[in-house]
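The values are calculated or read from the model by the stated rules, or taken from the named source; none is laboratory data. Values in this document were obtained by computation on a predicted structure and should not be read as measured data. Ideal geometry is used to build each Cβ from the backbone, glycine not excepted, and the neighbour counts take in all protein chains shown. Surface areas here come from the heavy atoms of the whole protein model, side chains and all, with no ligands, DNA or RNA. Shrake-Rupley method; radii C 1.70, N 1.55, O 1.52, S 1.80 Å.
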Amino acid sequence: MTPQEPAKIDFTIDANMVKHVAFLVRLGILEEEAQAFSHQFTAIIDYFHLLNEVDTQNVKPACETSSTQNVMRPDEMQPSMSRQDFMKNVPHQDGPFVQVPLVFDEE
Amino acid sequence: MSRCRWFLMKSSIMELYNLSIRAAHDLISKKQVSSLELTKATLDHIHNTDPHINAFVTVADELALEQARQADRRLQTGAKVTPLTGIPFAVKDCISTNAVRTTCSSKILENYIPQYNATVIDRLADAGAVLVGKHNMDEFGMGSSCENSAFFITHNPWDLERVPGGSSGGSAAAVTASMGAFALGEDTGGSIRMPASFCNVTGLKTTYGRVSRYGLIALVSSFDSIGPMARDAYDCATVLQVIAGQDPHDATSLPAPVPDYLQNLEKPVKGLRLGIPKEYFQAGMEPGVESSIRAAIRTLEELGMEIREVSLPHTKYGLPVYYLVLFAEASANLARFDGTRFGLSVIEGAENVIDLYLQTRRAGFGPEVKRRIMLGAYVLSAGYYDAYYLKAQKVRTLLRQDFDAAFELCDALVAPTCPTTAFKLGEKTDDPLTMYLSDIYVVATNPAGVPALSLPCGFSNAMPVGMQLIGKHLSEDVLLQIGYAYQSVTDWHLKRPVIV
């Protein structure tokens, strides 16, 4: 099967958009990376316009993969990972606490 | 020791690592070979062979030998002996293993040591199987060639200049090169089947929810399925028997009872209806792949299966649906890697927590992972949600309806696993979209949640060809039954690469 040509839509994702999205997802990227991603994103997203061929009026979106039933269990306390085990992987610690840099401005 | 036994020992020890699960269990249960001998032979073979292949991120020698000794004690007393007791295996490195480094082949988890086992690992340990290591993969499962590992590329044992497929590329390469009797892979959109096809391995993508995902580091929570990769359908059934079933730690695992997969294998396939989806046999397929699949279909017909053409009309939309949902879910799932609780943390010079996130994620993720996280945020953002993500979820409903309609007419579908055999290293790395297109036949099953089995069915230009059987939800028993019948009259699955 050869991929169909997607419906042509005048469409680009420029480097500024890439940098904006990168900041939203908390990824540091360099200017030249933003340029390269911009070309790739435009090609990839453009390919997705293929879906515009499909009539989805009155089609419900799929929200689950295999079962429509909720899974319930009694709300009871159960053992979980110990603090000691959890802390083994924590990169920066201050006594019993997980340490992170400043979260809020000091003002 | 009698002369006869000496010959058996000598010939089998020389090739112990080549044994299937079934053959190894036979020798172990008769006490002709110990698990320690089998495990040592496998570890030696890994240390001799893997420098050419690079299938393993971690080899756990000491742990493996200790587990083998435990298995031998179990075998001595005869208590709780299962078909997997004493059998060496390894798993894709996205499956959490207590006290054994679990990296997802990413720098962000390079030194991460889980403090708990995935449910599948606990179940295999309970059965007495021996974990020998962790397999290389595309970083976080994002790739189709195993070239996106942050550590090293894995080579296809059939031709070291070619890719093993992805993302469970290390697992497929290890199984075909006899580095472990079986593997657990993970399939989000072909990641078990595609490398199985490229490496001449039998691999099963299970029904979504058939096998617990607890302890699997998530890529796409609504697609991810753990499954066995092994020498043949019989061995896949043996492993599935142990890992399948509901798990209170995974609310999406299904309560349906687990059938006796092994007992079911021997049932005749005569009269079962096999559908050929016409959309999977179109221009662009490598001629040697198509001729192998056509020959396999004739074999299945000779076994008494009824062949009929069916249609899955939305097939060409499978790829965009798959990637759109993948980007969105992966973007959300990978938000947890932020340098605060586990994994890499680049804190030097960070003035606030945002700096910590930006620096850590920049240093920790490879380019394909960054691409997909950003694209996921883009397709979920306020102005584009309806046009991309919601649209994809609607077409996903239509993809599922295609399968539902087809399974009214047949018991299983047959198709090529991939349109080509394994491609050359570096051939597709510069163009992500071209790489995505290699998944064209394997991606539609995951949005639908249905199971699929990839089986060796021939060679094209000296590289293996895989055929996939796709079934309705929870029909692993039927797929394995057909696969077993096919492998009873063919020997493609027995062929092994010569590693120079």
Next item on the list: Report those helices (runs of 4 or more DSSP H) wholly inside region B:372-459 carrying at least 1 residues which are open to solvent by 20 Å² or more (accessible area, probe 1.4 Å) and within 11 Å of another protein chain (Cβ to nearest Cβ).
Entry: B:391-409, B:432-437
Checklist line | Where A:T42 falls short, out of the listed (1) β-branched (V, I, T); (2) more than 10 Å from chain B (Cβ to nearest Cβ); (3) more than 19 Å from the chain's Cα centre (by Cα) | finding: (3)
Next item on the list: With the condition kept exactly as written, say whether any residue in region B:251-258 is out of contact with any Ser or Thr (no Cβ under 7 Å at 6 or more places or on another chain), assigned to a helix (DSSP H, G or I) and at pLDDT 95 or above.
Entry: no
Margin query: Take the conditions closer than 18 Å to B:S168 by Cα and either buried (at least 24 other Cβ atoms within 10 Å of the Cβ) or in contact with a Gly (Cβ under 9 Å, 6 or more places away or on another chain) (or both) and apply them to B:I108. Does it pass?
Written below: no
Check: Among all residue pairs at least 6 apart or on different chains, which show Cβ distances below 8 Å where the first residue, located in region B:141-164, is open to solvent by 10 Å² or more (accessible area, probe 1.4 Å) and the second is outside any loop (DSSP other than H, G, I, E, B) and of a type in the set (S, T, N, Q)?
Finding: B:W158/B:T176; B:R162/B:N156
Margin query: So A:L51 passes all but one of these: (1) in a helix (DSSP H, G or I); (2) open to solvent by 50 Å² or more (accessible area, probe 1.4 Å); (3) not β-branched (V, I, T). Which condition number does it fail?
Written below: (2)
Notebook entry, point to check: Within region B:306-321, can one find any residue that is free of Cβ contacts under 8 Å to residues at least 24 places away in the same chain, buried (at least 19 other Cβ atoms within 10 Å of the Cβ) and farther than 13 Å from B:A415 by Cα?
Noted result: no
Next item on the list: Please give the number of the condition A:G95 fails out of (1) at positive phi; (2) surrounded by fewer than 17 Cβ atoms within 10 Å (Cβ to Cβ); (3) modelled with pLDDT of 95 or more.
Entry: (3)
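Of B:S225, B:S253, B:S221, which residue is closer than 29 Å to B:H155 by Cβ, of a type outside the set (V, I, T) and at the interface with chain A (Cβ under 10 Å from one of its Cβ atoms)?
Just a single option satisfies the conditions, and that option is B:S225.
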Next item on the list: Might you let me know whether region B:246-266 holds any residue that is under 14 Å from B:V91 (Cβ atoms), surrounded by fewer than 24 Cβ atoms within 10 Å (Cβ to Cβ) and more than 14 Å from the chain's Cα centre (by Cα)?
Entry: no
Checklist line | Residue match in region B:279-291 (condition: open to solvent by less than 20 Å² (accessible area, probe 1.4 Å), aliphatic (A, V, I, L, M), under 23 Å from B:T417 (Cα atoms) and modelled with pLDDT of 95 or more) | finding: yes
Check: From the list B:I87, B:I28, B:I21, which residue is out of contact with any strand residue (DSSP E or B) (no Cβ under 9 Å at 6 or more places or on another chain), among the β-branched types (V, I, T), open to solvent by less than 10 Å² (accessible area, probe 1.4 Å) and at pLDDT 95 or above?
Finding: B:I28
Next item on the list: Go through B:A328, B:A296 for me and flag whichever is surrounded by 19 or more Cβ atoms within 10 Å (Cβ to Cβ) and within 18 Å of B:C410 (Cβ to Cβ).
Entry: B:A296
Next item on the list: Can you give me the number of residues within region B:335-354 that are more than 23 Å from A:D105 (Cα to Cα) and within 7 Å of chain A (Cβ to nearest Cβ)?
Entry: 1
